[in-house]
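**Student:** The structure follows.
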Amino acid sequence: MSKTEQDINLAKQGHQKAFNNLLEQHWTYVYNYIQSKTDNTYTSEELCIQTFARAFDKIDQYDDKYSFRTWLITICKRLWIDMQRKKEIKTTDINNKVSAIKSNEVNIEDQLIQDQYIETIESAIKKLKPNDQEILKKRLFEDTPYSEIANEMSESVNLIKVKFFRAKRKLSKLIQADV
């Protein structure tokens, strides 16, 4: 049994170290694949994070008749296609909202709206698990680099990126539910 197969079996049982191993083993392969499609580092990184988040969420659905890399690339392709379709749809990114909140050039009305939005975000963050709260606060409000968060939490940078993406997705769902 290969190292990847062992890690997949352990991941299906919920072992965090196995997820980390799979991420470390396959990150570069998936990243290089999507980089060849997008030729944009930020987009490639985001799609890679989403790919692993989706794969880890659906690890029980993985069929070992097929290569794990093929499964990851299939997920990645679908996410890329979805992204291409959504390019025309105007969306609000939570990172943009937080950046706007940090801006000093706002009038009183905008300041009140921003204060209300901050309260909504902080209220939603408090509903998340402590680990998710910490990653979101450090990344969104303190602009802490992934590498620094990874060092503080004794995790790999790629794993922190995946955890941040998952936490951001949970936060977005909570905020949408409140609105």
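**Student:** Name the residue that is surrounded by the fewest Cβ atoms within 10 Å (Cβ to Cβ), counting only residues in the range 124-179 that are acidic (Asp, Glu) and touching a residue at least 24 places away in the same chain (Cβ under 8 Å).
**Tutor:** As a first pass, look at the range 124-179 and keep what is acidic (Asp, Glu): 132, 134, 142-143, 148, 152, 155, 178.
From what is left, the residues that are touching a residue at least 24 places away in the same chain (Cβ under 8 Å) are 132, 155, 178.
Working: 132: 18, 155: 19, 178: 11.
The qualifying residue surrounded by the fewest Cβ atoms within 10 Å (Cβ to Cβ) is 178.
**Student:** Only one of these conditions is not met by residue 96: (1) more than 16 Å from the chain's Cα centre (by Cα); (2) surrounded by fewer than 11 Cβ atoms within 10 Å (Cβ to Cβ); (3) at pLDDT below 85. Which number is it?
**Tutor:** Unmet for residue 96, out of (1) more than 16 Å from the chain's Cα centre (by Cα); (2) surrounded by fewer than 11 Cβ atoms within 10 Å (Cβ to Cβ); (3) at pLDDT below 85: (1).
**Student:** Next question, about the same structure. Among the candidates 158, 151, 131, which residue alone is touching a Phe, Trp or Tyr at 6+ places or on another chain (Cβ under 9 Å) and at pLDDT 80 or above?
**Tutor:** On the way: 151 fails: touching a Phe, Trp or Tyr at 6+ places or on another chain (Cβ under 9 Å); 131 fails: touching a Phe, Trp or Tyr at 6+ places or on another chain (Cβ under 9 Å).
So the residue among 158, 151, 131 that is touching a Phe, Trp or Tyr at 6+ places or on another chain (Cβ under 9 Å) and at pLDDT 80 or above is 158.
**Student:** While we're on this one: I'd like to check which helices (runs of 4 or more DSSP H) are fully inside the range 108-159 and have at least 3 residues that are under 28 Å from residue 24 (Cβ atoms) and among the aliphatic types (A, V, I, L, M). Talk me through it step by step, then tell me what you get.
**Tutor:** Numbers: elements: 108-126, 130-136, 146-153.
Answer list for the range 108-159: 146-153.
**Student:** Can you give me the number of residues within the range 160-179 that are assigned to a helix (DSSP H, G or I), more than 8 Å from the chain's Cα centre (by Cα) and of a type in the set (A, V, I, L, M)? I'd like the intermediate steps shown before the answer.
**Tutor:** At the first step, the residues of the range 160-179 found to be assigned to a helix (DSSP H, G or I) are 160-178.
From the residues that got through so far, the ones that are more than 8 Å from the chain's Cα centre (by Cα) too are 160, 170-178.
Among the residues that remain, those that are also of a type in the set (A, V, I, L, M) are: 160, 171, 174-175, 177.
Looking only at that region, the number is 5.
**Student:** Taking only the range 134-148 into account, find how many residues are of a type in the set (Phe, Trp, Tyr) and modelled with pLDDT of 85 or more.
**Tutor:** Here the count works out to 1.
**Student:** While we're on this one: Give all pairs with beta carbons closer than 8 Å in which a residue from the range 61-84 that is within 11 Å of residue 50 (Cα to Cα) meets a residue that is part of a helix (DSSP H, G or I) and basic (Lys, Arg); count only pairs at least 6 apart in sequence or on separate chains.
**Tutor:** 75/54; 79/54; 80/37
The values are calculated or read from the model by the stated rules, or taken from the named source; none is laboratory data. As the structure is a computational prediction, the values presented were derived from the model and not from experiment. A quick note on method: Cβ atoms are made from the backbone with ideal geometry, for glycine too, and the neighbour counts reach across all protein chains shown.
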